[in-house]
Amino acid sequence: MSLGTSATPLGRVRGLGSAREGGEHWLTERVTSIALLLLGTWLIASLMFLPDLSRQTVIEWLRAPSGAVPMALLIIVGFRHALDGMKVVVDDYVHTEGNRFALNTLLLFLAVGGGAIALYALAQVAFGGVA
Amino acid sequence: MIVSILHRATGVALSIAGLAILAWWLLALAQGPEAYLRFAEVATSPFGLFVLIGLTWAFFQHLLSGIRHLVMDTGAAFELNTNKRFAILTIIGSLVLTAALWAYALGGGA
């Protein structure tokens, strides 16, 4: 620790993690985890309690707001939490600055792209474009 | 230690396989009966069931060890015995929940 004793505790902590930043990221990861505790349990319980998983049954379920809204939230929060979590793994194991940036950018594109595709499919189902 | 590694491994599995399957399922649903049938065929094949059961376990393990991490974030449960007992409970809990869910799903419940 070469910053010496004149640095404040905050100053000593700042910038020493493998990502060099991230208080907000840390907190977001935890808040989304609590949301997913509810949304993930909701998804599993819903799939268990639907009479069957035929296409017609699932479409009807996702056409109702009680199905479509939590599913939209699950997609958004799920992809966000996955992105935040994967970033921690990348930051911990990829030490070359350029590779880390490239991999984190790739993950960002995959998460946003995947989330957008899933939301589009859900919207198509929920707003009645499919039969 | 093992539970901490499991938390990462299950998190990566859920991020990649879990979300990909969720997106594929919704796309197949939107695309039409044939696409949905193709998804259902893969999902209910032995390999598909293996993956789905694995992801169910990953979800429960990640959820329970995630709760453990949230508790530890508050500064609690760092005492060695408590910490170890909590860690073992997440493993037992995830296995029990996965077994119960699939026994119900495959045993005529759904």
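A few comments on the model shown:
- Under 15 Å, Cβ to Cβ, from residue B:30 - net charge with Lys/Arg +1 and Asp/Glu -1: +1
- Estimated D of region A:21-126 in µm² per second, where Rh is the Kirkwood radius over Cα pairs and Stokes-Einstein applies at 25 °C, 0.890 mPa s: 160
- Across region B:2-109, the relative contact order, built from alpha-carbon pairs under 8 Å that are at least six residues apart, equals 33 percent.
- Report summary: the helix-based calculation at 222 nm, which adds -39500 (n - 2.57) for every DSSP H run with n ≥ 4 and divides by the residues of chain A, gives -26500 deg cm²/dmol.
- Backbone phi angles across region A:63-68, fed through the Karplus curve with coefficients 6.51, -1.76 and 1.60 (θ = phi - 60°), yield HN-Hα couplings of 7, 6, x, 5, x, 5 Hz in residue order; Gly and Pro are listed as x.
- Mean Cβ neighbour count within 10 Å, used as a protection proxy, ranking A:96-103, B:58-65, B:23-30, A:111-118 highest first: B:58-65, B:23-30, A:111-118, A:96-103
- Placing R0 at 35 angstrom, the Cβ-Cβ distance between residue A:60 and residue B:53 gives a FRET efficiency of 0.85 after rounding to 0.05.
- With the biggest extent put first, the Cα atoms of region B:54-110 measure 44, 17, 15 Å across the principal axes.
- FRET efficiency for the pair residue A:108 and residue A:35, taken as 1/(1 + (r/R0)^6) with r the Cβ-Cβ distance and R0 = 22 Å, rounds to 0.65.
- Taking 7 Å steps out from each Cα toward its Cβ at residue A:101 and residue A:53 produces label points 4.3 nm apart.
- Relative contact order of region A:16-131, pairs being alpha-carbon contacts under 8 Å that are 6 or more residues apart, as %: 34
- Estimated distance in nm for a label pair at residue B:44 and residue B:95, the labels positioned 7 Å out from Cα along Cα-to-Cβ: 3.0
- The helix-based estimate of mean residue ellipticity at 222 nm for chain B, built from -39,500 (n - 2.57) per DSSP H run of four or more residues and divided by its residue count, is -27500 deg cm²/dmol to the nearest 500.
- A Förster distance of 45 Å, applied to the separation of the beta-carbon atoms of residue A:120 and residue B:106, puts the FRET efficiency at 0.90.
- Nearest 10 degrees, 0 to 90: helix B:80-104 Cα axis against chain B principal axis: 20
- Shielding of A:104-110 by partner chains, average beta-carbon count, 10 Å: 1
- Residue-by-residue Karplus 3J(HN,Hα) for region A:81-96, coefficients 6.51, -1.76, 1.60, Hz, glycine and proline x: 5, 4, 4, 4, x, 5, 5, 4, 5, 4, 4, 6, 10, 9, 9, 7
- Average partner coverage of B:11-22, which counts Cβ from other chains inside 10 Å: 5
- In degrees, nearest ten, helix A:97-126 long axis to first principal axis of chain A (Cα): 20
FYI, it's all coordinate maths here, none of it is from the lab. Fair warning: this is a prediction, and the values are worked out from it, not measured in the lab. As a convention, Cβ positions derive from the backbone with ideal geometry for all residues, glycine included, and neighbour counts pool all protein chains shown.
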